[in-house]
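Coordinate-derived values only; no laboratory data. From a predicted model like this one, the values you see are computed outputs, not experimental measurements. Neighbour counts are summed over all protein chains in view; Cβ atoms, including those assigned to glycine, are modelled from backbone coordinates with ideal geometry.
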Amino acid sequence: MQSSVAVIGAGSWGTALAMVLADNGCKVSMWARRQEVVDEILSERSNSKYLPGIRLPETIYPTADLQHAIKGHHYVLVAVPSVGFRNTMRELSAFLSSDVKVIHATKGLDKDNLIRLSQVMLEEVPQLKPVNLAVLTGPSHAEEVSRRSPTTVVVASQNRVTAETFQDLFMNSYFRVYTNPDVVGAELGGALKNIIALGAGISDGLGFGDNAKAALMTRGLMEISRLGLQLGAAQMTFAGLAGIGDLIVTCTSKHSRNWRAGYQLGQGKTIDEVLSSMNMVVEGIYATKAAFQLAERHQVEMPITTAIHSVLFEGRSPRAGVEDLMGRGKTHEMEEVARISMSWES
Ligand SMILES: NC(=O)C1=CN([C@@H]2O[C@H](COP(=O)(O)OP(=O)(O)OC[C@H]3O[C@@H](n4cnc5c(N)ncnc54)[C@H](OP(=O)(O)O)[C@@H]3O)[C@@H](O)[C@H]2O)C=CC1
Ligand SMILES: O=C(CO)COP(=O)(O)O
């Protein structure tokens, strides 16, 4: 039987994932905020602002009416930016029945309560069952997925049947889907790597080399894991696609909006100049603010996040931010390893 899926969000990622589902034989209803996007898809089969040059399959049915978008669908995918996530879920709440399975592909945190987005889903749509929720994350730029370039992602859910149901819906010859029970790690990996990608862009914009970027990625993963473990994630998740995998692609790809924003900051532009030059979401900016507050709340050391926070929100120059990082007091690479190594006893 043909599955029908509602995709909420018609930016780059919602559209690219709608294409994967359509390629898999699903009937896809896609909600866009603006009627112009709907009209363009209906008349041209394209979404030129977000995926220029890509032809969308005929089995993607766009609509600007949220209720119409999800009516009769057993599966819902939410792919709106984190800043609009809570409101979108609140609006959806009136139309979602309790047996629907919902997956989100947004990489961010709730800016007000500093919670994960699957937690926001349950707050705003209390009739949803936690076992029916999942998260899709991993190294996956929309531009490449929409060109059907080989991509791997992770679907995380506390319930195996739900994870495998979404795995079956999305998986195909160019889109390989793994499952993982660690929802906390999957969501945090996706949200926090954007901060480090901003840093990688800043480093490149300042003219630094590969050594600096490798350092940022490695030490960045360390602080992502540190906060993640404190918040209940499984360490191994950060060694997988939702962790190091996504960190690599976002810190090194020309497609990354976070890297591009960081690059311009490194070249001397202000944050306002950078944001006005980009017509797509830069999640790392919001994630930096949220992670900085979480680090303070949980007493977790996150020097790179702190340095990027000082550049974004405290008027520190990118170069001074790097000096802050390089001038920190000396430390072990891994406190945990140093602590358990008997040979280190004096
Ligand atoms: N692009 C990618 O390669 C990937 C993106 N993601 C994640 O997916 C999420 C969505 O990003 P992406 O599709 O790339 O973003 P884009 O910038 O490409 O598009 C944003 C989309 O969200 C809509 N939108 C903007 N603000 C709001 C709001 N407040 N409420 C509801 N909708 C809103 C926009 O509508 P309008 O046009 O009307 O402004 C547009 O449809 C992000 O969390 C991102 O990190 C994850 C993996 C890959
Ligand atoms: O999450 C992404 C790729 O996995 C997209 O990253 P950007 O938002 O930086 O483009």
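Net charge of the neighbourhood of ASP99, taken over other residues with C-beta under 15 Å away and scored Lys/Arg +1, Asp/Glu -1, is +3.
Each Lys and Arg adds +1 at its Cβ and each Asp and Glu adds -1 at its Cβ; summed about the Cα centre, the chain shows a dipole of about 260 debye.
Projecting the Cα positions of MET334, SER276, LEU231 onto the charge dipole of the chain (unit charges on Cβ atoms of Lys, Arg, Asp and Glu, taken about the Cα centre) puts SER276 furthest along the positive direction.
I'd like the distance between the alpha-carbon centres of the stretch 9-67 and the stretch 263-284, rounded to an integer number of Å. So the separation of the two Cα centres works out to 27 Å.
Where in the chain lies the longest segment free of GluC sites (Glu not before Pro) that are both loop residues by DSSP (not H, G, I, E, B) and have at most 11 other Cβ atoms within 10 Å? Answer from the scan: 59-313. Measure nothing but the geometry: give the 0 to 90° angle between the long axis through the Cα atoms of 303-313 and the longest principal axis through the Cα atoms of the chain, rounded to 10°. Taking the Cα atoms of the chain, the angle to 303-313 is about 70 degrees. You can think of it this way: the chain between ALA214 and LEU122 has 29.4 nm of extra reach, that is 0.36 nm per residue less the Cα-Cα gap. To the nearest 10 degrees, how steep is helix 283-298 against the longest Cα principal axis of the chain, on a 0 to 90 scale? With rounding to tens, the tilt is 60 degrees.
Net length available on complete extension from ARG160 to MET278 is 38.6 nm, with 0.36 nm assigned per residue and the Cα-Cα distance removed. For the stretch 4-181, the residue among VAL135, CYS26, GLY14 whose Cα projects farthest onto the positive side of the dipole built from Cβ charges is VAL135.
What the phi angles of the stretch 157-167 give under the Karplus curve with 6.51, -1.76 and 1.60, with θ = phi - 60°, is a coupling list of 7, 6, 10, 5, 4, 5, 4, 6, 5, 6, 4 Hz, glycine and proline written as x. The length gained by stretching the chain between GLU301 and VAL131 to full extension, at 0.36 nm per residue less their Cα-Cα distance, is 57.9 nm. Put a dot 7 Å past the Cα of ASP168, heading toward its Cβ, do the same for SER43, and the two dots end up 4.1 nm apart. Pair-distance distribution P(r) for the chain, from all Cα-Cα distances in 10 Å bins starting at 0: 6, 26, 34, 23, 10, 2, 0, 0 percent. Taking label positions 7 Å along the Cα-Cβ direction at both SER317 and ASP99, the computed distance is 6.4 nm, reported to one decimal. A Cβ-based charge dipole, computed about the Cα centre of the stretch 223-285 with Lys and Arg at +1 and Asp and Glu at -1, lands at about 140 debye. Label reach from LEU229 (point 7 Å along Cα→C-beta): in the stretch 286-303, amide nitrogens under 14 Å belong to 300-302.
For the stretch 187-268, which trypsin sites (Lys or Arg not before Pro) are in a loop by DSSP, counting at most 11 other Cβ atoms within 10 Å?
Sparse-neighbourhood loop trypsin sites (Lys or Arg not before Pro): LYS254.
The Cβ shell under 13 Å around ALA64 holds other residues with a net charge of -3, Lys and Arg each +1, Asp and Glu each -1.
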